[in-house]
Amino acid sequence: TQSTWGRTFETKMSSEELDKPAPERSRVQPVKTEDTADELNNNPNISSRYPGKPLQVVGTQDNKVTVLDDNLKLVIDALEAANLDDISIVSVVGPLRTGKSFLLDLFIRYLTYLETNPDDGNTTWLTSHNLEQNNDGLFLWRSAVERTTLGLWMYSKPFVRVVDGKRVGILLMDTQGLFDHETDKQTNNMVFGLSTLLSSLQVVNLQNRLQEDHLEQVHFFTEFCHAALLNFLGDIDNNQYAHAFQHLRFLIRDWAHTEEMKPEDSEREGQKYLDTCLGKRSHDDGGARERLSMSFEKIGCFFLPHPGKKMTSKTWTGVIAEIDDDFVQFVNQFIRSVFGPALPLKRSLVPGVQLTPRLLQLYIATFVEAFSSDENLQAESIVIALSRSINLNARDCALAKYRSVLKELGDSYVLREELEAKHAVGLESSVSYFNKAAAFGDKAEHERVLLLLEQDIHDEFDRAIEMNELRANAILRKYTHFVLLAVLAFIVDFASDFLCDWWLNVCVDLSYLLWWSYTLIALLMVKVLVDIYLKQGTVVALQALSGLWSDCVVLFANWYSGTTNQSAKKQKPPRTLKKE
């Protein structure tokens, strides 16, 4: 059934537009509610209201599911650049043409408003300006019957909030319509499965009421993903239906019984309705309701009234004044409850493994590969995908840990034995970390990635040896100027013996001073070379001496070249201007 207030959205972006930086944000200025959408679109302040733009990260075409790597990388890069401590992922799923993207549009408006305004609890964030068309910062809406949102979309920038001293990034995710004749089984599996696995809060957007087939569909996808997780974790929890997923909220739009209800009562009344639906059964469902309830940490329900006939008209241009006030008050209450203090932080699907932007990227890539590999998707496919993402992330982290161990040696030359000792420590700690971080899942995949990690570490060690040998050539580099000065002093002293020492006392005094200079420098270099020889051996001492000689030649050549260029400039005649 088509929603009475749902809107279809589309985002049209070329590759050049994706490369453009997000516009700077400015404080939202109130506009007159009687302004038309066209007048608002011509307002130059509109484009600067929103920090990012919706990006399609997973596409579906011709029954094929693919990851749009460039767009996904933009989202991941934005998460990493935000320097976050935690991530919260809020997704919206539901049937076709039920206003999911419209709801995401309101999320963006609310979170953008909070970036420059205090949370005063009123509806200013919604009523201060009309809904815009043709704005890249939003999921654009238009009146139509056909779908425009395909696959999975994410907002390009996280909304950052500080919670208990930690920086939390809120990432919004939109999905294409489900449960209809236009969506094939594989796409339904992919969209709802990915949303369930990735979300910390999943909003199921429904119309009029929560029906039996809705519960069955949600239970099917949840049970499927839950079975895959239990398989992956090796059934470590004695409670088969422990809370594998986080928060699930049913949003019932166009609810017909809100006349006697206050906005702040909607959640409580919705919970009563949900408890009734989950407890009531006209047939034996095999315990599906109980398993659905126990699969999530928290399940809730919220009612929204009808927004009014003017808004549902095809001629509606986004004027906020034409929306029923009850709808405005209820949607304000709902969105404030979604992004309130109880907003859950996304935890990793695997115990003891922190969810990072890089791991999130691996989740999406490997899950999509699993969902698109076979029309009759099996739980084992999700197990392999989860194993691969966890193992690859553990490999990256373990390799970074090994590099940090080698970095403790500094940038100076060290003995081969010391380098090998550090290598052994780094190898042991990295492999130990990998085995701990990738303790679950497919064993064959674990062993495969472990071999790749060990090869990466040995390659890294080989590069460290090469760099260390290059540092041996630079051991005496800091003495280059002194050695070159000693050589020049020796040459001047030798020349003065024949030119002026035999008849000028000043030359004799200068020769005496020069002799002491290069003699002391020579004795210092002998002592340094002997120390290197005794501590590090003949080869290193010869390498250091060879490097010193090369540095002296380069320094002298640079000095001579600079002196020659200066002389040429002085000898060049000035350019004269011809008279007209």
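The values are calculated or read from the model by the stated rules, or taken from the named source; none is laboratory data. Small disclaimer: the values here were computed from a predicted structure and weren't measured. Note that each Cβ is placed from the backbone with ideal geometry, even for glycine, and that neighbours are counted across all protein chains shown. These accessible areas exclude ligands, DNA and RNA; they are computed on the full protein's heavy atoms, side chains included. Shrake-Rupley method; radii C 1.70, N 1.55, O 1.52, S 1.80 Å.
Please indicate, with yes or no, whether at least one residue in region 261-270 is crowded, with 20+ Cβ neighbours inside 10 Å, at pLDDT 85 or above, of a type outside the set (Asp, Glu) and out of contact with any strand residue (DSSP E or B) (no Cβ under 9 Å at 6 or more places or on another chain).
Residues of region 261-270 crowded, with 20+ Cβ neighbours inside 10 Å: 263, 266, 270.
From the residues that got through so far, the ones that are at pLDDT 85 or above too are 263, 266, 270.
After this cut, where a residue has to be of a type outside the set (Asp, Glu) as well, the list is 263, 266, 270.
Next, only the ones that are out of contact with any strand residue (DSSP E or B) (no Cβ under 9 Å at 6 or more places or on another chain) stay: 263.
Yes; the residues of region 261-270 include at least one that is crowded, with 20+ Cβ neighbours inside 10 Å, at pLDDT 85 or above, of a type outside the set (Asp, Glu) and out of contact with any strand residue (DSSP E or B) (no Cβ under 9 Å at 6 or more places or on another chain).
If Tyr560 satisfies all but one of (1) at pLDDT below 80; (2) under 49 Å from the mean Cα position of the chain (by Cα), what's the number of the condition it fails?
Here Tyr560 clears every test but (2).
Tell me yes or no: at least one residue of region 142-159 is of a type in the set (Ser, Thr, Tyr), open to solvent by 10 Å² or more (accessible area, probe 1.4 Å), modelled with pLDDT of 85 or more and under 21 Å from Leu343 (Cα atoms).
Yes, that holds for at least one residue.
If I ask for residues that are out of contact with any Phe, Trp or Tyr (no Cβ under 8 Å at 6 or more places or on another chain) and open to solvent by 30 Å² or more (accessible area, probe 1.4 Å), which ones from region 486-501 would you list?
Leu488, Ile491, Val492, Phe494, Ala495, Asp497, Phe498, Leu499, Asp501
Which of the numbered conditions does Gln455 fail, given that it passes all the others? Conditions: (1) surrounded by fewer than 18 Cβ atoms within 10 Å (Cβ to Cβ); (2) among the polar types (S, T, N, Q); (3) within 25 Å of Leu542 (Cα to Cα).
(3)
With the condition kept exactly as written, say whether any residue in region 182-198 is open to solvent by 40 Å² or more (accessible area, probe 1.4 Å), modelled with pLDDT under 85, of a type in the set (A, V, I, L, M) and out of contact with any Lys or Arg (no Cβ under 8 Å at 6 or more places or on another chain).
Within region 182-198, none of the residues are open to solvent by 40 Å² or more (accessible area, probe 1.4 Å), modelled with pLDDT under 85, of a type in the set (A, V, I, L, M) and out of contact with any Lys or Arg (no Cβ under 8 Å at 6 or more places or on another chain).
Can you name the residue in region 527-557 that is loosely packed, with under 14 Cβ neighbours inside 10 Å and among the charged types (D, E, K, R) and is also modelled with the highest pLDDT among such residues?
Top of the filtered list is Lys527.
Filter region 313-345 down to residues that are β-branched (Val, Ile, Thr) and part of a helix (DSSP H, G or I), then give me how many there are.
Going through region 313-345 one residue at a time, the tally reaches 5.
Residues of region 290-312 being outside any strand (DSSP E or B), under 16 Å from His247 (Cα atoms) and open to solvent by 20 Å² or more (accessible area, probe 1.4 Å), which ones?
Glu290, Arg291, Ser293, Met294
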